[in-house]
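Visitor: Structure provided below as structure tokens; questions to follow.
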Amino acid sequence: VTENRSHLEDLHLYATPREQRFRRFASLEFEGQLYMTPYDFIQAVTNDEPKRAKKWRSLSRQELNQILMETPPVWKGSSKLFRNLNEKGVISYTEYLFLLCILTKPHAGFRIAFNMFDIDGNEMVDKKEFLVLQEIFRKKNEKRERKGDEEKRAMLRLQLYGYHTSTNSVLKTEGEDHVPRSYWDTLRRSTSQALFSDLAERADDISSSLSDTTLLIHFFGKKGKAELNFEDFYGFMDNLQTEVLEIEFLSYSNGMNTISEEDFAHILLRYTNVENTSSYLENMRCRIPEEKGITFDEFRSFFQFLNNLEDFTIAMQMYNFASRSIGQDEFKRAVYVATGVKLSPHLVNTVFKIFDVDRDDQLSYKEFIGIMKDRLNRGFRGYKPVQRYTTFKSCVRKELYSR
């Protein structure tokens, strides 16, 4: 059964860019609320547009229950979880925001994320605590409404959250032109124990008004009584990052164990707002004439490093303040000191050959950090024209930093 959604299309005009993207990729509807499948989520973080025109398929209660029955417990998680579930899963909008945050979280920050959920500090997260933080995600994401669009926004909230919500956010509203560093940092700065307590009192009401989802069943069991420990939480986050990276890597490797240095360059440059990428690609081709290839381990380690970019920036600025560019050995050492990630000599050499535009075998702050930091504003500035090359993180950053 498909829903004729022509009368709902104008709601797109009242949605934030994140909400628009979720509505564009979501394919399921249950009792008026939209959901993504695991397949939809993977598509949303690896492609600019859905591969096929989306129709919101209405689920019956029986169909939803059957989908949830096939959800594995968290201790059976793997880096193929979303691919194995494919269309047999439901992901809500607030869970979509949570999963986007996971994809750009450094491993060292997993503990902070877990502690934010662990409201009572007992080293375990229960379903109620998880729902409380999801409610804060919702409040943080709410858009300040203009006079005259309250009805449309109310319809949109019902579609995204499954229940009517108050427009009065407990959290301070960010300025329209402000781009927050990340959801985790914003939540950590603007939430208080009083807010947690207030929402905790309402958690039972929140829970009773929401349907179970694949993520809730995966974390807390079919009866919702299980608790999530840090080890399982860490495993889930690490597996999800790895899974999306594997999908990205395999889309370029064509069954081989490596991707070319040129493909790696395309992926990196897709993060940025660099308009003329051809000069960087030509620079790399001239300086790496023989292809050696980038392995998945190298690929994964570099993206783990990029998730720690802000810490690395501090180390790089120390060189910059001293009016120094840095060589490959210094770069590799700064990465390890700042992030704990060891990059292979070949990977570092490839990065230098891409970004060292003046070919002095030194990398300046402007040549690397300046370009990489552009990715934080990709969504805020809008999409680039559709190209052949896509990356999960460019899509993720669009959702996290667009307003």
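Visitor: I'd like the full set of residues that are of a type in the set (Phe, Trp, Tyr) and open to solvent by 50 Å² or more (accessible area, probe 1.4 Å), limited to the range 231-244. Full working, then the answer.
Guide: Looking only at the range 231-244, we keep the residues that are of a type in the set (Phe, Trp, Tyr), and these are 233-234, 236.
Passing the criteria: only 234.
Visitor: Every residue in the range 335-367 that is touching a helix residue (DSSP H, G or I) at 6+ places or on another chain (Cβ under 8 Å), assigned to a helix (DSSP H, G or I) and at pLDDT 85 or above, please.
Guide: 335, 345, 346, 347, 348, 349, 350, 351, 352, 353, 354
Visitor: For residues in the range 66-82 being without any contact (Cβ under 8 Å) to a residue 60 or more places away in the chain and outside any loop (DSSP other than H, G, I, E, B), which is least open to solvent (accessible area, probe 1.4 Å)? Break it down stepwise before answering.
Guide: Start the filter on the range 66-82 by keeping residues that are without any contact (Cβ under 8 Å) to a residue 60 or more places away in the chain, which leaves 66, 70, 76.
Now restrict to residues that are outside any loop (DSSP other than H, G, I, E, B): 66, 76.
Working: 66: 103, 76: 120 Å².
Only one residue fits best here, namely 66.
Visitor: For the range 278-306, what are the residues that are modelled with pLDDT under 90 and among the hydroxyl-bearing types (Ser, Thr, Tyr)?
Guide: 278, 279, 280
Visitor: Now for a different question. Can you find a residue in the range 23-40 that is in a strand (DSSP E or B), touching a helix residue (DSSP H, G or I) at 6+ places or on another chain (Cβ under 7 Å), at pLDDT 90 or above and of a type in the set (Phe, Trp, Tyr)?
Guide: Looking through the range 23-40, at least one residue is in a strand (DSSP E or B), touching a helix residue (DSSP H, G or I) at 6+ places or on another chain (Cβ under 7 Å), at pLDDT 90 or above and of a type in the set (Phe, Trp, Tyr).
Okay, residues lined up against (1) over 17 Å from the mean Cα position of the chain (by Cα); (2) assigned by the TED database to the domain that holds residue 303; (3) open to solvent by 60 Å² or more (accessible area, probe 1.4 Å):
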residue: 39; (1), (2), (3): no, no, no
residue: 44; (1), (2), (3): no, no, no
residue: 56; (1), (2), (3): yes, no, no
residue: 64; (1), (2), (3): yes, no, no
residue: 84; (1), (2), (3): yes, no, yes
residue: 93; (1), (2), (3): no, no, no
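Visitor: Also: Among (1) modelled with pLDDT under 80; (2) open to solvent by 10 Å² or more (accessible area, probe 1.4 Å); (3) under 26 Å from residue 233 (Cα atoms), where does residue 128 come up short?
Guide: (1)
Visitor: Do we find a residue being open to solvent by less than 30 Å² (accessible area, probe 1.4 Å) and either at pLDDT 80 or above or of a type in the set (Val, Ile, Thr) (or both) anywhere in the range 192-205?
Guide: In the first step, residues of the range 192-205 are kept if they are open to solvent by less than 30 Å² (accessible area, probe 1.4 Å); the result is 195-196, 199, 203.
Now restrict to residues that are either at pLDDT 80 or above or of a type in the set (Val, Ile, Thr) (or both): none.
No, that holds for no residue.
Visitor: Can you find a residue that is open to solvent by 50 Å² or more (accessible area, probe 1.4 Å) and either touching a residue at least 40 places away in the same chain (Cβ under 8 Å) or not assigned by the TED database to the domain that holds residue 90 (or both) anywhere in the range 301-310?
Guide: Start the filter on the range 301-310 by keeping residues that are open to solvent by 50 Å² or more (accessible area, probe 1.4 Å), which leaves 310.
This time we only want the ones that are either touching a residue at least 40 places away in the same chain (Cβ under 8 Å) or not assigned by the TED database to the domain that holds residue 90 (or both), so: 310.
Checking the range 301-310: at least one residue is open to solvent by 50 Å² or more (accessible area, probe 1.4 Å) and either touching a residue at least 40 places away in the same chain (Cβ under 8 Å) or not assigned by the TED database to the domain that holds residue 90 (or both).
Visitor: Quick check on the range 245-277: of everything there that is at pLDDT 85 or above and among the charged types (D, E, K, R), which residue is surrounded by the most Cβ atoms within 10 Å (Cβ to Cβ)?
Guide: The extreme case among them is 261.
The values are calculated or read from the model by the stated rules, or taken from the named source; none is laboratory data. Quantities reported herein were computed from a predicted structural model and do not represent experimental measurements. Note: ideal-geometry Cβ built from the backbone for every residue, glycine included; neighbour counts use all protein chains shown. With ligands, DNA and RNA removed, areas are computed over all heavy atoms of the protein, side chains included. Shrake-Rupley method; radii C 1.70, N 1.55, O 1.52, S 1.80 Å.
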